[in-house]
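*Asks:* Below is a structure I'd like to ask you about.
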Amino acid sequence: MTNSWTDIKNTDLVIVMGGNAAEAHPCGFKWVTEAKHQRGAKLIVVDPRFTRTASVADYYAPIRPGSDIAFLMGLIRYMIENDKVQWEYVKAFTNASLIVKDEFGWADGLFTGYDEEKRDYDKSSWDYVIGDDGFAVTDPTLQNPRCVWNLLKAHVDVYTPEMVERITGTPKDRFLKIAEMIGECSSPTKTMTSMYALGWTQHSKGAQNIRGMAMLQLILGNIGVRGGGMNALRGHSNIQGLTDIGLMSNLIPGYLNIPTEREADWATYMTSRAFKPLRPGQTSYWQNYPKFMVSFMKSMWGDAAQKDNDWAYHYLPKLDVPSYDILRMYELMDEGRVNLYFCQGFNPLLATPNRDKVTRAFSKLKLLVTMDPLETETARFWENHGAHNDVDTAAIQTEVIQLPSSCFAEDEGALVNSGRWLQWHWKASDMPGEARNDVWIMAQIFLRVRELYRTEGGAFPDPILNLTWDYADPNEPHPEELAREMNGRALSAVYDPTDPTKVVAEPGKQLLNFSQLRDDGSTASGCWIYSGSFNEAGNNMARRDNADPDDTGAYPNWTWSWPLNRRTLYNRASCDLNGKPWDPTRKIIEWDGEKWSGYDVPDISPTAKPGEVMPFIMNQEGVSRLFSRGLMRDGPFPTHMEPFESPVENVFNKRMRGNPVVRVFAKDAADLGTSDEFPFVATSYRLTEHFHYWTKHNVVNAALQPEFFVEISEELAAERGIERGGRVRVWSKRGEVWAVALVTKRIKPMICDGKTVHVVGIPLHWGFVGAARKGWGPNSLTPVLGDANVETPEFKAFLVNIEPAVGEAVS
Amino acid sequence: MNIDLSRRSFLRLAGAGVAATSLGALGFGEAEAAELAHVRDFKLTATTETRNTCPYCSVACGIIIYARPDDTGKRRVVHIEGDADHPTNRGTLCPKGAALKDFVNAPTRLTQPMIRKPGAAAFEPIAWDDALDRIARAIKDDRDANFLATNEAGVPVNRWTTMGFLAASATTNETAWATYKVVRSMGVVGFDNQARV
């Protein structure tokens, strides 16, 4: 989230598209109710199903799964055509005026530079014209036909309300009503917030869905302001933290990158990360990358990381592919090229696409280790459960070790919520039986492996032998020690850069925040964005002052939020070019002639003059990007792409299937179905009574929603002769499931490109262990395809067929 | 630590005191004794209260966990409720959060390490030390056999692709950091978490 849950009360309009907050985030959704009740805010829901959120909305429109980009580009077109633009904001705070290279263009659904064979773009034309002074050329009058604004205008021109209806199935009048409601928020004193979740991310072009809305929010001037923003509701309780700390193939904590093998040494790695400002006088904060990176290396390897060994650069693995993400790993596993696999609190047998493939892949492992507080299907993938897990147990030669771990009540530490608040929690109870917490388990594995390398030697033992592990009890590091390590400390005296005689941090002291990080080896910090969370003032994540001065919703002294305890990102953009709030009733910060101050930590240098330094300090341009240069693989503007399995062809290019740059493994391509065989669009979803595959272990939740069902319209039920509550078989090119049919009015057929499209909703909470009845999940049916930029699987739009099955109906 | 003796247990004692006084004054001494004889102790008596957050979605509602020792001396959760002081949820919980106690105490909680041998039809118990030694040995042997120190061009790449690790997105930051250190130091690149799915 750019903002926070409690900030939603400040909004005038909520759009829930790509999520279902009332169902999946009920207690956070209460802030929408608060805004409706106290401010008269309105709620719009756009979703394939009439969801629980839709049931309390002021306006609802249906949309075909996987067609959101067309809807969003249609909204942008409407705003431009009807002058619903916050012009001062757009001109000053976005790259609307920057000039783009002449070679850049778009035709037939593709941008310039597409190479069909490589399934990739040559992105060299997707960039600004750079002037002789080394800065991007601009035309503040927006007259130049090659400025970003005019290119955007041309790009969205095709998305007329008629075209939106044709692609998305949303009736034109409904689309126009929503556009009109949103258009009101172009006023500097009206704000819309976007709340989205997996309904936008789990597509082969998920990142472009989100960019589409972010662009709209910028055009309306809704980023950085109270009650506005792009608010990713997120899933698990610490999915934000795990992402921040970079537990992904290609990440280093704080959104730094694991090097690739093209970056053979430190100097080469740093050369592509210079982040020189592209406009005069701009911050371009990533210029501090070397400080974050050196401090990380010192945190990992201490004295073994020195300037003369490139800070132990070669202790880091180098990637030969963009990432060894979960989909690639299962492909390698299926080819017999992975031997050991660890699942810590993760149930991939139900969570990753094409369960048949996952089972096949796991069966080729030598050893699978699971660490979980509960039984999981993954740990028992080899166990035969009839139709629910029909495997040949004796033929599976994988050894499985199942380790019992702690749950939240038995552990201490911080979780990061969607609003970036690091909230500390305390241990309440003891673990059952011999269960142990995850830190202890990881420490035990590490100490044993290190001992083996100490005594036996072996392959490149240095990064293991030299890993810092100076905890009071090496067998079980305390959460506070680990938290202090992420915050960072001074290894030797840290000096004030403007006065080299002044020490700002004495050796051994915790650093105040990341402004004290250095690239000379004098500081260590595991995760630079968390620097400030545990400094000499103590554990700021444990703060419990719930005062909220002037009821802004900021709660500045409740726990701690990254970065720097800042509650609203880009909050400098809540003020105009003179530093005065666009809406004085919604002030966050303001410029008093000398400095910025207010209710929140300013997202700008406190003394940066308002007319000179622009608000988007992480970007080289200093402004936000309506045109994202070559930073995304599938285009600098979002363009409509069909799901890989779609009932209709792409209206711009009939030859184009799905996202043209998505990585598709050969076997998975062969496993894609077509609408002749699989005429219905399926989409996965979640229920408020359950959390993923956990709560089926809870008797209360298992009783509330005991049985797997699929949701279909009355029309589809009639067409296929399916009885209300009757049993059905649903199958895709990859598998089949049996379920109870929930026949509802919440799903209606849509007309897309002249064709009737039926949607099948498939919730995901059942498996073969736990207290609920045995069932299946959508991953028995879904294709192995990820988003072009981040490899999030396409769970929200795929094709199935459905028919009545044998079995007694339930009422 | 953030544990106090339950304020409710204090209220309970105070409330009982008021009732006893009024009933006694009205001459219902015997009735009072009979009543008290079959009223069970208030279940939060002598529990500890601990501040925590709900482990499910990332709204991260504040909760208060009430626990007390069982027969073996281990502290067990007896009740969980919303934390009224928490700015986000202000004491409210959803149908999942409201049932958290039965998640912590689920019959399918794991209590001891288990091993399933190749081809076997069932898990069998294994001691922690044996399980951990086995895992460490497997890591060491596989890493030594399959670690790629340099690529064909002779560039140091130091990666190990035959092992993968999925991390949990409901563990703490501190667990995540300890996990990151251990997994990365070995050169593992097949590293992921629920952020993608």
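*Asks:* On full extension of the chain, what length is gained from A:Asp676 through A:Ala107, given 0.36 nm per residue of separation minus the C-alpha to C-alpha distance?
*Replies:* Contour length minus the Cα-Cα distance gives 202.0 nm.
*Asks:* Go ahead and set up a Gaussian network model of chain B, Cα springs under 10 Å, then flag whichever of B:Val77, B:Val59, B:Val39 fluctuates most.
*Replies:* Answer for the Gaussian network model of chain B: B:Val39.
*Asks:* With 25 Å as the limit, write out which pairs from A:Lys30/A:Lys190; A:Lys318/B:Lys140; A:Lys276/A:Lys307; A:Lys298/A:Lys502; A:Lys509/A:Lys609; A:Lys366/A:Lys667 have Cα-Cα distances beyond it, or answer none.
*Replies:* Numbers: A:Lys30/A:Lys190 21 Å; A:Lys318/B:Lys140 20 Å; A:Lys276/A:Lys307 23 Å; A:Lys298/A:Lys502 23 Å; A:Lys509/A:Lys609 33 Å; A:Lys366/A:Lys667 23 Å.
Long pairs (Cα-Cα over 25 Å): A:Lys509/A:Lys609.
*Asks:* If you take the Cα atoms of the range A:711-811, find Rg, then find the Kirkwood Rh from the mean of 1/r over all pairs, what is Rg/Rh?
*Replies:* Radius of gyration over Kirkwood radius for the range A:711-811 works out to 0.99.
*Asks:* Looking at chain A, which longest stretch skips every one of the GluC sites (Glu not before Pro) that is in a DSSP loop with at most 16 other Cβ atoms within 10 Å, leaving the sites themselves out?
*Replies:* By the stated rule (loop sites, at most 16 other Cβ atoms within 10 Å), A:118-334.
*Asks:* Could you tell me the calculated FRET efficiency between A:Lys509 and A:Leu577, based on Cβ-Cβ distance and R0 = 25 angstrom, to the nearest 0.05? Intermediate values should be presented prior to the final figure.
*Replies:* Details: r = 40 Å, r/R0 = 1.60.
The computed FRET efficiency comes out at 0.05.
*Asks:* Is the shape of the range B:114-193 rounded, prolate or oblate, going by the alpha carbon gyration tensor and its root eigenvalues a ≥ b ≥ c, with a/c under 1.5 for rounded and a/b larger than b/c for prolate?
*Replies:* oblate
*Asks:* Stretched out fully, how many nm does the piece from A:Lys366 to A:Asp115 gain, at 0.36 nm a residue minus the Cα gap?
*Replies:* Stretched fully, the A:Lys366-A:Asp115 segment lengthens by 86.4 nm.
*Asks:* Now a separate question. With a cut-off of 8 Å between alpha carbons and a minimum separation of six or more residues, what is the relative contact order of chain B in percent? Don't jump to the answer; show the numbers that get you there.
*Replies:* On the way: 224 pairs, mean separation 20.8, N = 197.
It comes to 11 percent, rounded to a whole number.
*Asks:* Considering only the protein assembly as shown, what is the antiparallel percent among its DSSP beta bridges, to the nearest 5? Intermediate values should be presented prior to the final figure.
*Replies:* Numbers: 71 of 120 bridges.
Approximately 60 percent, going by the DSSP bridge assignments.
*Asks:* Right, something else. Cross-link candidates for A:Lys748: which lysines have Cα within less than 26 Å, leaving aside residues fewer than 8 places away along the same chain?
*Replies:* Result set, ordered by chain and number: A:Lys42, A:Lys172, A:Lys177, A:Lys205, A:Lys733, A:Lys796.
*Asks:* For the protein assembly as shown, what does the helix formula give at 222 nm: sum of -39500 (n - 2.57) over DSSP H segments with n ≥ 4, over the residue count, nearest 500 deg cm²/dmol?
*Replies:* Rounded to the nearest 500, the figure is -7000 deg cm²/dmol.
*Asks:* Further question on the same structure: Using the Cα centre of the range A:664-735 as origin and beta-carbon charges of +1 (Lys, Arg) and -1 (Asp, Glu), tell me which of A:Val730, A:Leu716, A:His690 is placed farthest towards the positive end of the dipole.
*Replies:* A:His690
*Asks:* Then there's this: Per Stokes-Einstein, at 4 °C and 1.567 mPa s, what whole-number D in µm² s⁻¹ belongs to the protein assembly as shown, with the Kirkwood radius over Cα pairs as the hydrodynamic radius?
*Replies:* Approximately 44 µm²/s, per Stokes-Einstein.
*Asks:* Sort B:Met163, A:Met17, A:Met641 so the one with the fewest other Cβ atoms within 10 Å of its own Cβ comes first.
*Replies:* So the ranking, lowest neighbour count to highest, is A:Met17, B:Met163, A:Met641.
*Asks:* Which aspartates and glutamates, on any chain, are close to A:Lys364 with Cα under 12 Å apart, when same-chain ones fewer than 8 places away are left out?
*Replies:* Of all the aspartates and glutamates, those that pass the test against A:Lys364 - Cα under 12 Å, at least 8 places apart if same chain - are A:Glu331, A:Asp334, A:Glu335, A:Glu399.
*Asks:* Need the C-alpha centroid separation for the range A:179-202 versus the range A:41-82, integer Å.
*Replies:* One Cα centre to the other: 9 Å.
*Asks:* Then there is this: Return the average number of partner chain Cβ atoms within 10 angstrom of each residue Cβ along peptide B:115-127. Each step should come with its number before you reach the end.
*Replies:* Working: counts 4, 13, 4, 9, 9, 7, 5, 3, 8, 0, 1, 3, 1.
Mean number of neighbouring Cβ atoms from other chains: 5.
*Asks:* Among B:Ala167, B:Ala31, B:Ala149, which one moves the most in a GNM of chain B with springs linking Cα atoms closer than 10 Å?
*Replies:* Evaluated over chain B, the most mobile residue of the options is B:Ala31.
*Asks:* Now for a different question. Any idea what the dipole of chain A comes to, in debye rounded to 20, about its Cα centre with Lys/Arg Cβ at +1 and Asp/Glu Cβ at -1?
*Replies:* 1260 debye
*Asks:* Which residue, chosen from A:Gln397, A:Ala107, A:Pro778, occupies the Cα position most advanced towards the positive end of the dipole of chain A, where the dipole is computed from +1 (Lys, Arg) and -1 (Asp, Glu) charges on Cβ about the Cα centre?
*Replies:* A:Ala107
*Asks:* Of A:Val664, A:Met486, B:Asn158, which is farthest on the positive side of the dipole of the protein assembly as shown, counting Cα position, with +1 on Lys and Arg Cβ, -1 on Asp and Glu Cβ, and the Cα centre as origin?
*Replies:* A:Val664
*Asks:* Just checking the output field for A:324-332: average partner chain Cβ neighbours within 10 Å of each residue's Cβ?
*Replies:* Other-chain Cβ atoms within 10 Å of each residue's Cβ, averaged: 5.
*Asks:* Additional query: With contacts defined as alpha carbon pairs under 8 Å and 6 or more residues apart, what's the relative contact order of chain A in percent?
*Replies:* Numbers: 1812 pairs, mean separation 131.7, N = 811.
Relative CO of chain A lands at 16 percent.
*Asks:* For the range A:240-290, state the semi-axes of the equivalent ellipsoid (square roots of 5 times the eigenvalues of the alpha-carbon gyration tensor), sorted largest first and rounded to whole angstrom.
*Replies:* Whole-Å semi-axes of the equivalent ellipsoid: 22, 17, 7.
*Asks:* At q = 0.24 Å⁻¹, what log₁₀ I(q)/I(0) does a Debye calculation on the Cα points of the range A:198-243 give, no solvent, two decimals?
*Replies:* Normalising to I(0) and taking log10 leaves -0.95.
*Asks:* Another question about this same structure. In the range A:714-739, whose amide N lies under 14 Å from the spot 7 Å out along Cα-to-Cβ of A:Ala805? List them in ranges.
*Replies:* Backbone N within reach: A:723, A:725-732, A:735-739.
*Asks:* Would the range A:66-116 count as rounded, prolate or oblate if I go by the C-alpha gyration tensor, calling it rounded below 1.5 in a/c and otherwise prolate when a/b exceeds b/c, oblate otherwise?
*Replies:* Because a/c hits 1.5 or more and a/b fails to exceed b/c, the range A:66-116 counts as oblate.
*Asks:* Report the extension gain between A:Asp157 and A:Gln397 in nm, rounded to one decimal, defined as 0.36 nm multiplied by the number of residues separating them, less their alpha carbon distance.
*Replies:* 80.6 nm
*Asks:* Right, next: Each label point is 7 Å from the Cα along the Cα-to-Cβ direction; what then is the distance between the points at A:Asp320 and A:Lys667, in nm?
*Replies:* Here the modelled spin labels are 2.0 nm apart.
FYI, it's all coordinate maths here, none of it is from the lab. If you're wondering where the values come from, they're calculated on a predicted model, not measured in any experiment. All Cβ positions, glycine included, derive from the backbone under ideal geometry; neighbour counts span all protein chains shown.
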